[in-house]
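Single-structure report; data block below.
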Amino acid sequence: MTRKTLPIGIQTFREIREDGCYYVDKTGMAVDLVQSGKAFFLSRPRRFGKSLFLDTLKDLFEGNRERFTGLAAESRWDWSVRYPVVRLSFGGGQAFSREDLQGWILRQLEEVETECGLIGRAQDTRGRLHQLIQALHRKSGQRVVVLVDEYDKPILDHLEQPDLARQMRDALRDIYGVLKDADAHLKFVFLTGVSKFSKVSLFSGLNHLRDITLDARWSALCGYTQEDLETVFAPELDAVDLYAVRRWYNGYNWLGTAVYNPFDVLLFLESKQFRPYWFETGTPSFLVALLARRGFFSPDLAKRRTRAEIMSAFDVDHIEPEALLWQTGYLTIHDAREIATGSWVYTLGYPNREVEASLNLSLLPALGQTAGAASDLTIQLTEALLAGNLDALRDATYRLFASIPHDWLRNNPIARFEGYYASVFYSHLAALGLDLRVEDATNKGRIDLTLRVPGRAYVFEFKVVDDQPEGQALAQILARGYADKVRQPGTHVTLVGIEFGRAERNVVAFEVAEA
């Protein structure tokens, strides 16, 4: 098999095709999309191939047939017609005022004007875009294609500064409103971004824009499927553990085919090392702060139920953690159920081990742990669990909670929630990428936490008591036969009941039993 160049960091369709890079063919889906409607919106997390897909659409509409040789679109597209394309991108910079953003938009419009031999006269962004669309239609005789990449980034860049975020939203609303007014001059409109802002707040009047984010037909429009990995990248897979790759990097799902983040796949294939490549490209500081303010229970993030309207509700003045977690890719859809006609409930969870481990590591400071202390304690917990050393596990658990400063516990509202103790313990283990299951259902109840390591399985139950050991945690595990759920041939099962004192704010009972 012939090896090609891994297109790391390349978002230009022409460059990938001309430089002999691996390419996962999305052109057939691009033709299907164009044939199915006129105006679309797609939300996907960062670094999911949105920019490359828009660039592919641009080459398709501009009729650059030579770049599609051997691809699915070659025999399905009418190459005799070329359409003018206006592409706006907000992914490559940052604006710090409304004036900055308007200047940024005008410069992009000027580039299109210069390339097409046009002169724009309006000085405002709304008027300039409307004039450009009309002029391109008149000059070419063909209706115009408008592609907008990372439409929401100027807002997301300033979520921690709501006043500035609102300025960005209002400036963007001016130009997006043009797309409705200029409908007669438009052939195709496609907007991509991370977040789905409400139509009222940002897309005022743009009611014809079809949101295909949760349309199963387009679930794999961006990202690599398992088949893509095993066929397109087959020359790179010698001695690669595909099960481990799938567990660490696959799992993003929008009600259809699950996909990998391309950024993860390409960097893993280059180095053959498991690292949080995608997660490391952006620290979710705003997200961590929001979760801390809301008193989150971190084990809930592994299995969280929410309604469709909550997932889609997003605006500068109203941000639900579930919506932000899902839209930014830290949670994905594990299950969807229509509980009544037209009323859907989604079960969200981590897409893969990379996200579960990395997000929980980022959450530890919000739970009162310094980076250094958290690292040392996680290593101690892991070594004890892998070795089955229960004395060391008990000591590490005591030290874990003793290391949290008293002033932090007193001054942070999250420490007053009963789930705080389980959150701290769970997040340390999850940060290591261990095989954890939260609220594992049995016919007699739900296990707080199960953990599997080679040759061993642990069942944990947590209770908060009034500073005197009550033996409730271990008693519940035994009474309800929780060990039966994890018992397998060749696996040693350990039951651990942990009780935390409300005033003591540490472990007051650590009981174990072998099953």
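The values are calculated or read from the model by the stated rules, or taken from the named source; none is laboratory data. Remember, it's a predicted structure, so these values are computed and weren't measured experimentally. Heads up, the Cβs are rebuilt from the backbone with ideal geometry, glycines too, and the neighbour counts pull from every protein chain shown. Just the protein is used for accessible areas: all its heavy atoms, side chains included, with ligands, DNA and RNA removed. Shrake-Rupley method; radii C 1.70, N 1.55, O 1.52, S 1.80 Å.
Identify all residues within the range 462-472 that are open to solvent by less than 40 Å² (accessible area, probe 1.4 Å) and in a strand (DSSP E or B); write none if there are none.
Hits for the range 462-472 are F462, V464, V465.
Looking only at residues that are of a type in the set (A, V, I, L, M, F, W, C) and in a loop (DSSP other than H, G, I, E, B) in the range 62-79, which one is surrounded by the fewest Cβ atoms within 10 Å (Cβ to Cβ)?
Only one residue tops the list, namely W79.
Can you tell me how many residues within the range 1-53 are open to solvent by 30 Å² or more (accessible area, probe 1.4 Å), among the aliphatic types (A, V, I, L, M), modelled with pLDDT of 95 or more and over 17 Å from R67 (Cα atoms)?
The qualifying residues number 2.
For the range 51-74, check the following and say yes or no: at least one residue is of a type in the set (D, E), touching a helix residue (DSSP H, G or I) at 6+ places or on another chain (Cβ under 7 Å) and farther than 27 Å from L267 by Cβ.
Checked the range 51-74: at least one residue is of a type in the set (D, E), touching a helix residue (DSSP H, G or I) at 6+ places or on another chain (Cβ under 7 Å) and farther than 27 Å from L267 by Cβ.
If G120 meets every condition in (1) under 28 Å from V194 (Cβ atoms); (2) in contact with an Asp or Glu (Cβ under 8 Å, 6 or more places away or on another chain); (3) open to solvent by less than 60 Å² (accessible area, probe 1.4 Å) apart from one, which number is that one?
(1)
Give all pairs with beta carbons closer than 6 Å in which a residue from the range 41-55 that is assigned to a strand (DSSP E or B) meets a residue that is among the β-branched types (V, I, T) and buried (at least 23 other Cβ atoms within 10 Å of the Cβ); count only pairs at least 6 apart in sequence or on separate chains.
L42/T192
Mind checking which residues of the range 341-377 are surrounded by fewer than 22 Cβ atoms within 10 Å (Cβ to Cβ) and hydroxyl-bearing (S, T, Y)?
Matches in the range 341-377: T341, S343, T347, S362, T370, S375.
Can V459 be described as open to solvent by less than 40 Å² (accessible area, probe 1.4 Å) and at pLDDT 90 or above?
yes
Filtering the range 85-105 down to residues that are open to solvent by less than 30 Å² (accessible area, probe 1.4 Å) and of a type in the set (A, V, I, L, M, F, W, C), which residue is modelled with the lowest pLDDT?
A95
Quick one: count up the residues across the range 265-283 that are open to solvent by 50 Å² or more (accessible area, probe 1.4 Å) and in contact with a Lys or Arg (Cβ under 9 Å, 6 or more places away or on another chain).
Number satisfying all stated conditions: 2.
Would you confirm, using the coordinates I've provided, whether L324 is under 14 Å from the mean Cα position of the chain (by Cα), closer than 27 Å to A165 by Cα and not in a loop (DSSP other than H, G, I, E, B)?
For L324, the condition - under 14 Å from the mean Cα position of the chain (by Cα), closer than 27 Å to A165 by Cα and not in a loop (DSSP other than H, G, I, E, B) - is met.
When you check V31 against the structure, is it β-branched (V, I, T) and more than 27 Å from the chain's Cα centre (by Cα), yes or no?
So V31 fails the test.
Answer yes if at least one residue in the range 473-492 is open to solvent by 70 Å² or more (accessible area, probe 1.4 Å), of a type outside the set (D, E, K, R), touching a residue at least 60 places away in the same chain (Cβ under 8 Å) and assigned to a strand (DSSP E or B), and no otherwise. Write out each step before concluding.
At the first step, the residues of the range 473-492 found to be open to solvent by 70 Å² or more (accessible area, probe 1.4 Å) are 478-480, 484-485, 487-490, 492.
Within this subset, residues satisfying the condition of being of a type outside the set (D, E, K, R) are 478-479, 488-490, 492.
Next, from what is left, pick out any that are touching a residue at least 60 places away in the same chain (Cβ under 8 Å): 492.
Now restrict to residues that are assigned to a strand (DSSP E or B): 492.
Yes, that holds for at least one residue.
Report, by residue number, each residue of the range 236-257 that is of a type in the set (S, T, Y) and either part of a helix (DSSP H, G or I) or farther than 26 Å from T347 by Cα (or both).
Y243, Y249
For the range 125-235, please list each of the helices (runs of 4 or more DSSP H) lying entirely inside it that holds at least 2 residues being without any contact (Cβ under 8 Å) to a residue 12 or more places away in the chain and on the phi < 0 side of the Ramachandran plot.
Ranges flagged: 125-140, 226-232.
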